[in-house]
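The values are calculated or read from the model by the stated rules, or taken from the named source; none is laboratory data. This is a predicted model, so every value here is computed, not measured. Cβ placement follows ideal geometry from the backbone for every residue including glycine, while neighbour counts extend to all protein chains displayed. Surface accessibility is based on the protein's heavy atoms, side chains included, excluding ligands, DNA and RNA. Shrake-Rupley method; radii C 1.70, N 1.55, O 1.52, S 1.80 Å.
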Amino acid sequence: YPLPYPFNEEKSQRINAYTQFDYVPRGNHFVSVSLHGVLQRANFVGLNFYTPQPAAPSWRAQEYRGAVSDRVEKEAGVFESVLSVADLESRTAGQGFESPAFTPTSTLGNYFLTQDRRTRRTQFLETWSLRSKRAWGTHALKMGAVVARATLDGSAVARDVRIISFEGQELAGL
């Protein structure tokens, strides 16, 4: 037995944007800046006969990334510096704050969990690529270093869940 229209629709939206700027100050020097952003959300995730719209969760997320790259070719090889940053945030929550109740035929109330997450990453990369050498084959040597920092923060809050029998009697509360 499917849910009737319009109560059988999951709703989602997504915006994804990317741009890159390149600059060549000299023939051996290349600078690049890139930016990326994603905004997305979904309402009534996982709809079915047992999980109607009020009991289904909503989800939203946003993601931002940026990078700056500086590359210079010299006689000693190629020097490259890259700085990149990323920020991601998401939230899963119910349509309201009513505690859910599970029955043999449906789920009443709202989704039981509210969860927030946020992560950030910053990274600096410095590399030096020597020119290829030919001696008993072709050899390419590359060396460098990476300094990175990543953080993750989040929270989760769950509401009580009730289990109800066919007769309407509450069997357990969790």
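Points worth noting:
- P(r) tail for segment 22-158: Cα pairs beyond 22 Å make up 61% of the total.
- Considering only 55, 102, 45, and ranking their Cα positions along the charge dipole of segment 24-174 that arises from unit charges at the beta-carbon of Lys, Arg, Asp and Glu, the one farthest toward the positive end is 45.
- Positive-end extreme of charge dipole, segment 1-148 - chosen from 4, 93, 20 (charges on Cβ): 20
- Coil-residue trypsin sites (Lys or Arg not before Pro) of segment 76-147, DSSP, other Cβ within 10 Å capped at 16: 131
- Volume per residue that the Cα convex hull of segment 40-111 spans, once the total is divided by residue count, Å³: 112
- Think of a 1.4 Å ball rolled over the protein heavy atoms: segment 1-108 then has 64 Å² of accessible area per residue.
- With a cut-off of 10 Å between beta carbons, the residues surrounding residue 101 carry a summed charge of -2, where Lys and Arg count +1 and Asp and Glu -1.
- Rounded if a/c under 1.5, otherwise prolate or oblate - segment 1-93, Cα gyration tensor axes: prolate
- Vicinal HN-Hα couplings computed from phi for segment 131-145 (Karplus, 6.51 cos²θ - 1.76 cosθ + 1.60; Hz; Gly/Pro x): 5, 4, 10, 10, 6, 6, x, 9, 10, 10, 10, 9, 9, x, 8
- With Cα atoms defining each centre, segment 107-138 and segment 28-88 are spaced 10 Å apart in the structure.
- Restricting segment 112-174 to GluC sites (Glu not before Pro) in coil, as DSSP defines it, with at most 12 other Cβ within 10 Å: 167
- Shape call, segment 88-171: gyration tensor on alpha carbons, a/c limit 1.5: prolate
- Assuming charge only on the beta carbon of Lys and Arg (+1) and of Asp and Glu (-1), the dipole of the chain about its Cα centre is about 840 debye to the nearest 20.
- Overall, segment 97-174 carries a charge dipole of about 1180 debye about its Cα centre when +1 sits on the Cβ of Lys and Arg and -1 on the Cβ of Asp and Glu, all other atoms neutral.
- Split the accessible area of the chain by element, probe 1.4 Å, and carbon with sulfur accounts for 57%.
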